[in-house]
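> Quick one: the structure is below, and I'll ask about it shortly.
What follows is calculated from the coordinates using simple rules that are stated; it is not laboratory data. Note that the coordinates shown come from a computational prediction; the quantities given were computed from them, not determined experimentally. With ideal geometry, Cβ positions are generated from the backbone for all residues, glycine too; neighbour counts draw on all protein chains shown.
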Amino acid sequence: MATELGTLLAEIHRLRIFIRDLQAEIERGPRVLKAHQTKLQKQEAGLKLAHDELKKLQVTFKEKELSTKTAYQQLARYETQLNEASEQKQMDALSHQIAHTKQTIATTEEESILLISEIEERQAKIPELDAALKKAQADFITYQAEGKDRLARLQADLKKSTGELTVEEKKLDPLIRPLYDRLVKAFSAECVVPLENSACSFCHTSVTQQFIHDITAGKFTVCPNCGRGLYIK
Ligand SMILES: [Zn+2]
């Protein structure tokens, strides 16, 4: 059966747990925000990289186009020279140059086709990446605003609960207050814990009937094992 002290300790315990959780939640806020920010920055960097790589491929494609054009011009010159050549040695050399240039053109054109398909593939992905980034940026702004509201709510709750705790603690008998303060210092939110099935609910050590009798009689007792204050709900 709960005593007056038991009811008071149960309320103190509840408030201390609530305050501990509020403080943890308040401390977690900036870390979560930072994680969101890092994720967003990575996404932004990823998109920039995609744009840069695309630009590079486009430059390479233009260069290939130019070198193909130059090779065709060179080929035309060789063919004219071949038509005008009369010496066999010169004709052989020109034929060799023509074959080589044709091979170069074929290779460059093949590479250009591959480049074009890669450029098209990458271009197709950009709008998707752009949209994903815009959404992530909007989500981040919303999260930031909500985070501010949430923090204000948590801080208001913390202030209220801390006030309530002070009121409850003032109800403690001044004779047990020094012991209680030591327990708070040592065990913070779990400075007092309920007795459950004749055992400390924190360390599960069973207590004697005499011990239970003392608690029931309204005595402030601590667990013989872990030293936390015990109460009966
Ligand atoms: Zn214990």
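> How large is the dipole of the range 129-207 about the Cα centre if only Lys and Arg carry +1 and Asp and Glu carry -1, each at its Cβ, rounded to the nearest 20 debye?
I would put it at about 240 debye.
> Turning to a different aspect of this structure: Collect residues whose amide H, placed 1.01 Å from N in the peptide plane, falls under 5 Å from the amide H of Arg228; neighbours closer than 5 in sequence don't count.
When sequence neighbours closer than 5 places are left aside, the close amide H contacts are Cys223.
> What distance in nm lies between label points placed 7 Å from Cα along the C-beta direction at Lys55 and Glu164?
Label-label distance for Lys55 and Glu164, simple model: 5.8 nm.
> What's the local net charge at Val207, with K and R +1, D and E -1, over the other residues with C-beta under 14 Å away?
0
> Taking the Cα centre of the range 20-171 as the origin and placing charges on Cβ (Lys, Arg +1; Asp, Glu -1), which of Thr68, Ser161, Gln144 is farthest toward the positive end of the dipole?
Ser161
> With r as the distance between the Cβ atoms of Lys62 and Ala99 and R0 = 25 Å, compute the FRET efficiency 1/(1 + (r/R0)^6) and round to 0.05.
That pair, Ala99 with Lys62, gives E of 0.40.
> To continue, here is another question. Let a ≥ b ≥ c be the square roots of the eigenvalues of the Cα gyration tensor of the range 115-233; is it rounded (a/c under 1.5), or, if not, prolate (a/b larger than b/c) or oblate?
In terms of gyration-tensor shape, prolate.
> Please compute the length gained on full extension between Asp92 and His204, using 0.36 nm multiplied by the number of residues separating them and subtracting their Cα-Cα distance.
Roughly 30.3 nm would be gained on extension.
> Where does the chain land at 222 nm, in deg cm²/dmol rounded to the nearest 500, when only DSSP H runs of n ≥ 4 count, each adding -39500 (n - 2.57), divided by all residues?
Here the helix-only value at 222 nm equals -29500 deg cm²/dmol.
> Project the alpha carbons of the chain onto their principal axes and report the range along each, largest first, in whole Å.
Here the spans come out as 127, 36, 25 Å, largest first.
> Evaluate the charge dipole of the chain about its Cα centre and quote only its size in Debye, nearest 20, assuming +1 on the Cβ of each Lys and Arg and -1 on the Cβ of each Asp and Glu.
1240
> Now for a separate question. How far apart, in nanometres, would the label points at Ala35 and Thr70 be if each is projected 7 angstrom from Cα along the Cα-to-Cβ direction?
Roughly 5.4 nm, to one decimal.
> Just to confirm my understanding: which cysteines in the chain have no other cysteine beta carbon less than 4.7 Å from their beta carbon?
For the chain, the answer is Cys191, because their Cβ atoms have no other cysteine Cβ under 4.7 Å.
> I'd like the antiparallel share, as a percent to the nearest 5, of DSSP beta bridges with both residues in the chain.
In the chain, approximately 60 percent of DSSP beta bridges are antiparallel ones.
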